[in-house]
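> Please see the structure below; I have some questions.
The values are calculated or read from the model by the stated rules, or taken from the named source; none is laboratory data. Predicted model, so just to flag it, every value in this text is computed and none were measured. Please note: Cβ atoms are built from the backbone with ideal geometry, for glycine as well, and neighbour counts cover all protein chains shown.
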Ligand code: SF4
Ligand code: SF4
Ligand code: SF4
């Protein structure tokens, strides 16, 4: 964890510089681009490949990382395997000690199912086909490449790790909930009360910390597992159905990039410029 | 100079005891919240900020509004404001202390608040807000105190204070601009994502702050024989009217953009606030009364302040006009603005927020604390005034 923290601080340092207006310089240093190329950096979104931001706006909170871990969620496979999505949710809930309270107000969730019209508000909802009408979509944090939550956080308690994952430091979070207002996907939950009250303390996962009240949490793409070479737990739970494909979006030869090349996928609210790292086939 | 706050008539002490009672109740409720967590409030995953942050936003405006009394005197050498600039500065101190307290009671982990300073994060607007709020608080305490001390000794204020006085003017603008930036830079929150949020905040601030000062001045005239001068009050009222109208103009512009463009996301929050939003056959409209109260009180307030009879002849109506404006803008900014921004949620759900009793008592407690501080500060200012006259 310590080492990770240091790496993170390095990124944070660079991003601080970037915030102070050094973006163009850093980008040029990093990419070795000529001034002409750097100026063209303000090309509009649609000219760059989907989800892979080429343009650089000012005041980026999170520096670009060498790795960018992402997911493809293939709802066709989930629809063909009833109960699979629930299995993923259960796995995550147990592994990360997600509390359950019997009221909506205190709700904490990392991964859940919701209607297509709620998940993809920017897409047309008129005369939907039966599949979309009938089935729900699996939602989790998008691990945005330009995460507004990281931009908003006043303590860097939510930060972008070197592998592109937007992680969370429960011990630094002051509970201001600015990140919740900033996340345009509703991915974040706050511990309105002691989460241990919503857990069966005899059946918790001792390997993952339970949180304290007053801090924010969300899906971290299993940063603790991915760091030691394991798959995210929900991906593992899908077995060989290929309902979820995990990999490095920056690696042109990865399975996920090949899949994206061969299939039409969509992202949630791409027009906001957050560059989600989670792709969907609905 | 504090000894001036320790001498007062019965009304003074009864008023302070009254406020003190609510402060104590608020403190008790806060202890409860501290031990249980923010689950004791009405906030939820979908409406993650409630009346605490709404009060904070409104009071930043009240604090910034004080500058309308400071600026004419120091920049335009408008002597008529001589007696009330100190009221503006002291108002800013009380309002800022309320703001900071509202932030504190809203934090999930208040003991970690120093993390904002230990891990400074320039790309977070909250970091900058902390800087400007504390900066403005410091400037007002410094300027208010130094100038009052000089007044007491009946000498001109020392020269070195003037740069700080001038600096406090852009700072007043900046506290409300940066507070607007907390909201207007968030992607996906259509209601907040508007470039006129900052000017709109400033307009309502320049009405709400001075309105409170006029009310306070009228009360002090009755109970303490303090006369700020008819001309000064009249000028402040003119400022209040214009600022209220500019704010109304900005609100109408928001309506035009939303409804003429016909973009659903732009319209939703306004529909929810003013007409109610229907989702799955259920009508959600718990904020509609507040929104229309804002409209009605604005009209009533501006009318009372504009008609020659109510403005000049009768101080009761003048006070009522200022109160209408103050409360109207509270409905707009202390209730609607923050809560409306969360509807609908990023997932298209309409979740209504109702503050709990505990939350309301904490809120009243913090307001009482603010008025307590304001009363004590104004008492000191009056005491000095008296001393000079004697
Ligand atoms: S989905 Fe929300 S919480 Fe996740 S990285 Fe993006 S902005 Fe942050
Ligand atoms: S709640 Fe925690 S993670 Fe979210 S912005 Fe505040 S300090 Fe950062
Ligand atoms: S990636 Fe990990 S943390 Fe995220 S939903 Fe899946 S199991 Fe949960």
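> Mind checking whether some residue in the range A:123-130 is on the phi > 0 side of the Ramachandran plot and away from ligand 3 (no atom under 15 Å from the Cβ)?
yes
> Looking at (1) at pLDDT 95 or above; (2) part of a helix (DSSP H, G or I); (3) away from ligand 1 (no atom under 16 Å from the Cβ), can you tell me which one residue A:149 breaks?
With (1) at pLDDT 95 or above; (2) part of a helix (DSSP H, G or I); (3) away from ligand 1 (no atom under 16 Å from the Cβ) applied to residue A:149, the lone miss is (3).
> With the structure loaded, tell me whether residue A:166 is in contact with a helix residue (DSSP H, G or I) (Cβ under 9 Å, 6 or more places away or on another chain) and within 16 Å of ligand 2 (Cβ to nearest atom) or whether it fails that test.
It is true that residue A:166 is in contact with a helix residue (DSSP H, G or I) (Cβ under 9 Å, 6 or more places away or on another chain) and within 16 Å of ligand 2 (Cβ to nearest atom).
> Out of the range A:220-264, which residues are within 16 Å of ligand 2 (Cβ to nearest atom) and either within 14 Å of chain B (Cβ to nearest Cβ) or part of a helix (DSSP H, G or I) (or both)?
A:223
> Under 8 Å between Cβ atoms, at least 6 apart or on separate chains: pull out the pairs that start in the range A:147-160 with a residue that is facing chain B (nearest Cβ under 8 Å) and over 15 Å from residue A:174 (Cα atoms) and end on any residue that is modelled with pLDDT of 95 or more and within 8 Å of ligand 2 (Cβ to nearest atom).
The qualifying pairs are A:148/A:182; A:151/A:182; A:151/B:124.
> Looking at the range A:182-195, can you tell me whether even one residue there is away from chain B (no Cβ under 14 Å) and either in a helix (DSSP H, G or I) or over 30 Å from residue A:271 (Cα atoms) (or both)?
no
Residues checked against (1) within 14 Å of chain A (Cβ to nearest Cβ); (2) at pLDDT 95 or above; (3) in a loop (DSSP other than H, G, I, E, B):
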residue	(1), (2), (3)
B:12	no, no, no
B:19	no, yes, no
B:25	no, yes, no
B:31	no, yes, no
B:34	yes, yes, no
B:44	yes, yes, yes
B:53	yes, yes, no
B:59	no, yes, no
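> Still on this structure, please answer the following. I'd like the full set of residues that are part of a helix (DSSP H, G or I) and within 17 Å of residue B:26 (Cα to Cα), limited to the range B:96-133.
Correct list: B:97, B:98, B:99, B:100, B:101, B:102, B:103, B:104, B:105, B:106, B:110.
> Residue check: is residue A:277 surrounded by fewer than 19 Cβ atoms within 10 Å (Cβ to Cβ) and either farther than 15 Å from residue A:164 by Cα or out of contact with any helix residue (DSSP H, G or I) (no Cβ under 8 Å at 6 or more places or on another chain) (or both)?
no
> Working only within the range A:95-114, note down all residues that are more than 10 Å from ligand 3 (Cβ to nearest atom) and either over 21 Å from the mean Cα position of the chain (by Cα) or part of a helix (DSSP H, G or I) (or both).
A:100, A:101, A:102, A:103, A:104, A:105, A:106
> In the range B:109-124, which residue that is within 7 Å of another protein chain (Cβ to nearest Cβ) and within 23 Å of the chain's Cα centre (by Cα) is surrounded by the fewest Cβ atoms within 10 Å (Cβ to Cβ)?
B:113
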